[in-house]
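S.K.: Below you'll find the structure I mean.
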Amino acid sequence: MRLRSRAAILLLVMSLIAVACSSETTDTTASGDEPTATTAVDGSTDETSAPETTAAPSEEPITVRAAVTGGEDTLNPYTYVSGFPGWNLLMLQYDSLMQFDAAGEPQPWLAESVEPNDDLTEWTITLVDGVTFNDGEPLTVDDVEFTFDYFVEKAAGRFARDLRGVESVTTDGDRTITVNLDAPNPAFELVALADIPIIPQHIWSEVDNPEEYQFDSVTNVGSGPFVLVDYVEDQSYRFEANPDYFRGAPTVDELVVVVFADDSGPLAAIRSGEIDVIFERISPEQIELLDAADPIDVVQGPEFTTQMINFDVSKAPFDDVAVRQAISLAVDRQDIVDTVFLGAATVGSPGWVHPDKAVYNPAVAADQDLEAANALLDEAGYTDTDGDGIREFDGAPMSFEMLTNSSDSLRLRISELVSEMLAEVGIQVNVASVETATWEEAVWPGFDIANGRNYQMAAWGWSAPIQANTIRVAELVHGDPSIGFLNLTGFSNPEVDALAAQLLTEADEAAAAQAIGELQVLIADLVPFVLLAYPDGAYAYNSATYDGWEFIAGQGIVSKVSLLDPSARP
Amino acid sequence: MTSRSLTGTLRGVIPRSLADRLGWLGAGIVAFLLGTAVFAPVLAPFDPAERVARPFLAPSADHLLGTNDVGQDLLSELIYGTRVSLTVGIVAAVVAMVIGTTVGLIAGYYPKRLGSVLMRFVDVVLILPFLPLLIVLAAYLGRSLTNTIVVIGVLIWAAPARIIRSQVLSLRSREYVLASRSMGAKDRWVIMRHILPRTALLATGSFVRAVSGAILLEAALSFLGLGDPIQKSWGSTLFWAQSRGAFLTPAWKWWVLPPGLAIMAASLGFALIAFAVEERINPKL
C-alpha cells in the first residue's frame, strides 16, 4: 500500500536521523553526516590547502571557516539575500562612512568626521585621506556622491530606503561632502551613514542593470578588509584578506564561508572541528552544551529583537486601559526569560526601550503582581459572575484567541506560558498557531496599518533595527498612521503623540533624552503593547582557531570589526 | 505496493496458525495502548500541560523520561499522547472507510458509466503525490485536531474503495442478487440487503490497515509542525524535540526514542491485526 510504505520510509528516515545525530554527540571526531555540508566543506578544503595569502609571512596564516545557513547569491549590494548575515558578509568587502562600535553606536570610519548642523538637516562629512579600493584606485568624494545617486536611481531596496529624505549631495572636489535632508533626521548616521556600502564609480558607472550584471574578479571591488575571491553557488565563499586595508591588515588571512542547508549541520560541524564559527545565532538550549565542549566558546550579547504581546486596542475590552495594565501585571517576564530562553534573554521593559540603551529610563520596571492585576479587573467591573474561573465583560467571557506564527517555536512556547499566566487572573487565552503569512495578514494586513487589524491578541516581535534606533518608538505608538506606521495595536493618546512627534525632529540631545524618558513612563502606564523579553544573541566559535570576535550590541559578531586588530576597531 | 506483494508472498508461506499468532500479538499491543489511553489520568504521574520541573532535565526518579523544553514531564506527555494518536488513527480511518465504502459500492454496482468515472477519480487520488499533498492541505486548512483527521481521512480512502469495488463487482453477478433484481427489487434495497453486508468483513481488514497508516501520518504531520503543536501527541513531542535541538544532544534517548517506539508499536499492532484478518477473509484467487 502506497501510504503505508511512504509513511514507513518517513519513519525510517526519522530514526536514521536520530541514529546519525547520536553518533555526532557521542563522538565529536565523527565527520558531518549532512551531505550538503560534507561536499561544501570538502570543496573548500581543497582550495584552502593551497594558501596564496602572504599577509603575515612570519606567522602561520590564519584561516577561519564560518558556517551560514542559506546562500547569499553573489554578495554584491544588489544580490545579497538576507539582512543578516547577508548584509554583514557584504560589508566585509565594502566600507561605509560610519561603522558600529561595540555599543552599537555609529562611529566615523571612511569619514574622518561627520558634522550635522543645528537642526540636523545638513550633514558635513570629511573623508579619511588615502583610502583605496582593492584594485588600487583611490576612494574619493566622487565615489560617495556617485554611490548615493546610484542607489536612489537604481532603486537598491534597502539602501534606497536609507536615503529617503536626501535632497541633495554636493562635494567640494577635495575631501568634503555635504548632504542636505528635507527634514531633520537624528537617526541619519544610524540608518544611512553606517549602512550604505560605498561603491567604486569607475566600475559601477558602466553597470546599467546591477541586478543582472555579472561581476568578475576584476570588477568585484570594494574598499573593505576582505576580497571575495571564490564563490560556489549554495556551497561556499572564500574571502582573502586585503593587506593594504586603510585601518591595517585584518588579523585573519582567509575567511571561508560554508553554506549549510539547515541549522543542525553547523552545530555538528563545529563540534567535529570542520568549521570554526557559526555566523548564525544559536538557540538557547545549545549555549550551555556548546560552551561546555572544548575548545568551543560562546559569546553572548544584546540583539535588540523583541518578543511581545499585541492586542487590538480599538476594540473592547482592550480599549480599557485597566485590562491592558492587568495583562502587563499578570505576566511573569522573568519566568519567560528563564523557561523559554533558559536565561539567554533580557527581561522586557514595559517602556519599550532596552536597558542597555543609554536613554533607558530605569524608573519603569515590570514585576508580576497578580493581586494588583486582579484588583484592577475587579474594580473595572470585569467579574466572574458564573463561577467558571473566567471573568466576563458585557455578558461574554473574557476568552480571546492569541495568534502566533508556527515557524517560531520559541514564540509558540511564550504564547503557551502567557496563556497559563493570564488564566491566573481569570482571562482565558486560546493559542492559535498559524502560518506566518496568515499571522502577518491578521496583525498587519498588507503591511499597512490603514487596512486595520483582524485579531484580538497576537504574539509579535520586531526585528533589531526598530529597537536599535530608539526614536523609532514613535512609529510604534503615534496615533497618526503617517507617523505611527508601525502602530499595529491601534493605540492613540494625545500626550504620547506630542512626545513622539517631538522625538522625531528634536535636534537638542538633552531635550530628546528627556522626551524619550517621559515617553517610556507613559508607554509603561498606558500599555499599547506588552513587551515580554529581548532575546540575546549567542554565537559559537572555536577559540583555538581565532578568538578575536567582538559582539556589537544589536549586530552580533559578524562584522569586519571582529576580524581587525583591536587597535584598528572603532 | 511492496507491502501488498509482501503480504501476498507471505500468505503462501506462513501457516495460518502463525498469522493468527501475529494477529493476537497485534491485538495485545493495541489492547495495551487502548488501556493506556483510557487510564491515562491514572497512569500519568503529572498533568502533561503543567510545568512541573526545570526544562531539559535528564531522566530521574521523579521524571522517568526527564522533562521537555518548558519543564513538562515527558512520560506523562507520552502517556497522554496515546489518546491523541489512537483517536486520530481510528477516527480518520472511519472517515476513510465511509468515503471508500460508499464510492466502492456505487462504482462496483454501476460499473458502466458512473463506475468508470468514479474509478478514474480513484485512480487520480491514488497517483497523487501523497505526502506533499497532505502537507499542502494541512497547511491550508490550519492546525487543529479535526483538520488533521479530515485531511488524513480524505486522502487514504482510495485504496479501500478499490478493494470494495472489486468485491461488489463479483457480488452483483451472483445468482441470488440477480434473482432479487429480477423480482423487481430496487437497487437501494439490493445494495443494503445483499451487497453491503457481504463487503463488511472485507472492509474490516481495510479499516484496521487504514488505522495503522493514519497513526503514522498523524505522527508525520505533527512532527513537521503541521498538526496542532499544543496537542500532546507523539508526533508533536517529536516536533518539539526537533525544534529544541534534542536530536543533536544526548536527550534523544529519552525525548525522541520513546515516542518513536510508541508510534512504531501502535502502527505495528494494527498492521499485524490487519494481516491476520485479511489472511482469513480475503478472497483467494
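S.K.: Looking only at the stretch A:524-550, filter to residues that are open to solvent by 30 Å² or more (accessible area, probe 1.4 Å) and within 17 Å of the chain's Cα centre (by Cα); which one of those is nearest to A:P362 (Cα to Cα)?
M.R.: A:D536
S.K.: Further question: For the stretch B:233-266, which positions are in a loop (DSSP other than H, G, I, E, B) and either open to solvent by 30 Å² or more (accessible area, probe 1.4 Å) or facing chain A (nearest Cβ under 7 Å) (or both)?
M.R.: The answer is B:R244, B:G245, B:T249, B:P250, B:V256.
S.K.: Additional query: Go through the stretch A:433-452 residue by residue and tally those that are touching a helix residue (DSSP H, G or I) at 6+ places or on another chain (Cβ under 9 Å) and surrounded by 21 or more Cβ atoms within 10 Å (Cβ to Cβ).
M.R.: 1
S.K.: What do you reckon, is B:L226 out of contact with any Gly (no Cβ under 6 Å at 6 or more places or on another chain), open to solvent by 10 Å² or more (accessible area, probe 1.4 Å) and touching a residue at least 40 places away in the same chain (Cβ under 8 Å)? Can you show your working first?
M.R.: On the way: out of contact with any Gly (no Cβ under 6 Å at 6 or more places or on another chain): yes; open to solvent by 10 Å² or more (accessible area, probe 1.4 Å): yes; touching a residue at least 40 places away in the same chain (Cβ under 8 Å): yes.
It is true that B:L226 is out of contact with any Gly (no Cβ under 6 Å at 6 or more places or on another chain), open to solvent by 10 Å² or more (accessible area, probe 1.4 Å) and touching a residue at least 40 places away in the same chain (Cβ under 8 Å).
S.K.: Of the residues A:I516, A:I557, A:I552, A:I523, which is in contact (Cβ under 8 Å) with a residue 60 or more places away in the chain and under 21 Å from A:F318 (Cβ atoms)?
M.R.: Being in contact (Cβ under 8 Å) with a residue 60 or more places away in the chain and under 21 Å from A:F318 (Cβ atoms) holds for just one of A:I516, A:I557, A:I552, A:I523, which is A:I523.
S.K.: Ok, one more. Please determine whether any residue of the stretch A:151-163 is open to solvent by 50 Å² or more (accessible area, probe 1.4 Å), modelled with pLDDT of 90 or more, among the charged types (D, E, K, R) and farther than 20 Å from A:A568 by Cα.
M.R.: No: the stretch A:151-163 contains no residue that is open to solvent by 50 Å² or more (accessible area, probe 1.4 Å), modelled with pLDDT of 90 or more, among the charged types (D, E, K, R) and farther than 20 Å from A:A568 by Cα.
S.K.: For the condition farther than 21 Å from B:R51 by Cβ, open to solvent by less than 40 Å² (accessible area, probe 1.4 Å), in contact (Cβ under 8 Å) with a residue 60 or more places away in the chain and in contact with a strand residue (DSSP E or B) (Cβ under 9 Å, 6 or more places away or on another chain), what is the one hit in A:I336, A:I282?
M.R.: The conditions single out A:I282.
S.K.: Then there is this: Would you point out which residue out of B:A138, B:A158 is at pLDDT 90 or above and touching a helix residue (DSSP H, G or I) at 6+ places or on another chain (Cβ under 6 Å)?
M.R.: Result: B:A158 is the single residue among B:A138, B:A158 that is at pLDDT 90 or above and touching a helix residue (DSSP H, G or I) at 6+ places or on another chain (Cβ under 6 Å).
S.K.: Would you check which residues across the stretch B:193-207 are surrounded by fewer than 24 Cβ atoms within 10 Å (Cβ to Cβ) and in contact (Cβ under 8 Å) with a residue 40 or more places away in the chain and list them?
M.R.: Within the stretch B:193-207, B:I195, B:L196, B:T199, B:L201, B:L202, B:A203, B:T204, B:G205, B:F207 meet the criteria.
S.K.: Take the residues in the stretch B:148-163 that are of a type in the set (G, A, S) and facing chain A (nearest Cβ under 10 Å); name whichever of them is least open to solvent (accessible area, probe 1.4 Å).
M.R.: Only one residue fits best here, namely B:A158.
S.K.: Test of understanding: among A:V232, A:V321, which residue is in contact with a helix residue (DSSP H, G or I) (Cβ under 8 Å, 6 or more places away or on another chain), under 28 Å from A:S492 (Cα atoms) and surrounded by fewer than 17 Cβ atoms within 10 Å (Cβ to Cβ)? Let's see the steps before the verdict.
M.R.: On the way: A:V232 fails: under 28 Å from A:S492 (Cα atoms).
Within the list A:V232, A:V321, the selection yields A:V321.
S.K.: Filter the stretch A:476-501 for residues that are farther than 29 Å from A:N430 by Cα and part of a helix (DSSP H, G or I) and give the result.
M.R.: Correct list: A:P494, A:E495, A:V496, A:D497, A:A498, A:L499, A:A500, A:A501.
S.K.: What helices (runs of 4 or more DSSP H), lying completely within the stretch B:126-197, carry at least 3 residues that are over 20 Å from B:S85 (Cβ atoms)?
M.R.: Filter on the stretch B:126-197 gives B:130-141, B:158-171, B:175-182, B:187-190.
S.K.: Can I ask one more? It is to be established whether one or more residues within the stretch B:69-85 are among the polar types (S, T, N, Q), surrounded by fewer than 23 Cβ atoms within 10 Å (Cβ to Cβ), more than 10 Å from chain A (Cβ to nearest Cβ) and in contact with a helix residue (DSSP H, G or I) (Cβ under 8 Å, 6 or more places away or on another chain).
M.R.: No - not one qualifying residue is present in the stretch B:69-85.
S.K.: With (1) open to solvent by 10 Å² or more (accessible area, probe 1.4 Å); (2) among the hydrophobic types (A, V, I, L, M, F, W, C); (3) facing chain A (nearest Cβ under 8 Å) as the list, and B:L217 as the residue in question, which single condition is left unmet?
M.R.: The one condition B:L217 does not meet is (1).
S.K.: Which of the strands (runs of 3 or more DSSP E) found entirely inside the stretch A:332-440 contain at least 1 residues meeting this: hydroxyl-bearing (S, T, Y) and in contact with a Lys or Arg (Cβ under 7 Å, 6 or more places away or on another chain)?
M.R.: The strands (runs of 3 or more DSSP E) meeting that bar are A:399-405, A:428-434.
S.K.: Evaluate the following for A:T178: is it open to solvent by 10 Å² or more (accessible area, probe 1.4 Å), in contact with a strand residue (DSSP E or B) (Cβ under 8 Å, 6 or more places away or on another chain) and among the β-branched types (V, I, T)?
M.R.: Yes: the conditions hold for A:T178.
S.K.: Kindly establish whether A:P295 is in contact with a His (Cβ under 8 Å, 6 or more places away or on another chain) and either at pLDDT 90 or above or within 28 Å of A:V252 (Cα to Cα) (or both). Reasoning before the result, please.
M.R.: Details: in contact with a His (Cβ under 8 Å, 6 or more places away or on another chain): no; either at pLDDT 90 or above or within 28 Å of A:V252 (Cα to Cα) (or both): yes.
Here the answer is no, as A:P295 does not meet what is asked.
S.K.: Another question, if that's okay. Kindly check whether there is at least one residue in the stretch A:300-315 that is part of a helix (DSSP H, G or I) and closer than 27 Å to B:A58 by Cα.
M.R.: no
S.K.: Something else now. Just a yes or no: is a residue in the stretch A:437-453 among the basic types (K, R) and within 14 Å of chain B (Cβ to nearest Cβ)?
M.R.: First pass over the stretch A:437-453, keeping only residues among the basic types (K, R): A:453.
Adding the requirement that they be within 14 Å of chain B (Cβ to nearest Cβ) leaves none.
Checked the stretch A:437-453: no residue is among the basic types (K, R) and within 14 Å of chain B (Cβ to nearest Cβ).
S.K.: Could I ask something else about it? When you go through (1) within 21 Å of A:Q555 (Cβ to Cβ); (2) open to solvent by 20 Å² or more (accessible area, probe 1.4 Å) one by one for A:E240, which number turns out not to apply?
M.R.: Only one criterion is unmet by A:E240, namely (1).
S.K.: Something else about it: A:L193 versus (1) of a type outside the set (G, A, S); (2) within 30 Å of A:I471 (Cα to Cα); (3) surrounded by fewer than 21 Cβ atoms within 10 Å (Cβ to Cβ): which is the lone unmet condition?
M.R.: (3)
S.K.: Kindly indicate the residue of the stretch A:375-419 that is buried (at least 16 other Cβ atoms within 10 Å of the Cβ) and of a type in the set (G, A, S) and also modelled with the lowest pLDDT among those meeting that condition.
M.R.: Residue satisfying both the conditions and the ranking: A:S406.
S.K.: Of all residues in the stretch B:105-130, how many are open to solvent by 80 Å² or more (accessible area, probe 1.4 Å) and within 14 Å of chain A (Cβ to nearest Cβ)?
M.R.: The number of residues fulfilling the criteria is 1.
S.K.: Residues being within 11 Å of another protein chain (Cβ to nearest Cβ) and over 20 Å from B:A93 (Cβ atoms): count how many of those fall in the stretch B:131-147.
M.R.: 5
S.K.: Take the residues of the stretch B:38-68 that are over 29 Å from the mean Cα position of the chain (by Cα) and facing chain A (nearest Cβ under 10 Å): which is surrounded by the most Cβ atoms within 10 Å (Cβ to Cβ)?
M.R.: B:F56
S.K.: Return only the number of the condition from (1) buried (at least 19 other Cβ atoms within 10 Å of the Cβ); (2) modelled with pLDDT under 90 that A:E206 does not satisfy.
M.R.: (1)
S.K.: What single numbered condition from (1) buried (at least 16 other Cβ atoms within 10 Å of the Cβ); (2) out of contact with any helix residue (DSSP H, G or I) (no Cβ under 6 Å at 6 or more places or on another chain); (3) over 16 Å from A:L329 (Cα atoms) fails to hold for A:G426?
M.R.: It is condition (3) that A:G426 fails.
The values are calculated or read from the model by the stated rules, or taken from the named source; none is laboratory data. Small disclaimer: the values here were computed from a predicted structure and weren't measured. Because the Cβ atoms are built from the backbone with ideal geometry, glycine has one as well, and the counts that use them run over all protein chains shown. Quick note on the areas: whole protein, heavy atoms, side chains included, nothing else; ligands and nucleic acids left out. Shrake-Rupley method; radii C 1.70, N 1.55, O 1.52, S 1.80 Å.
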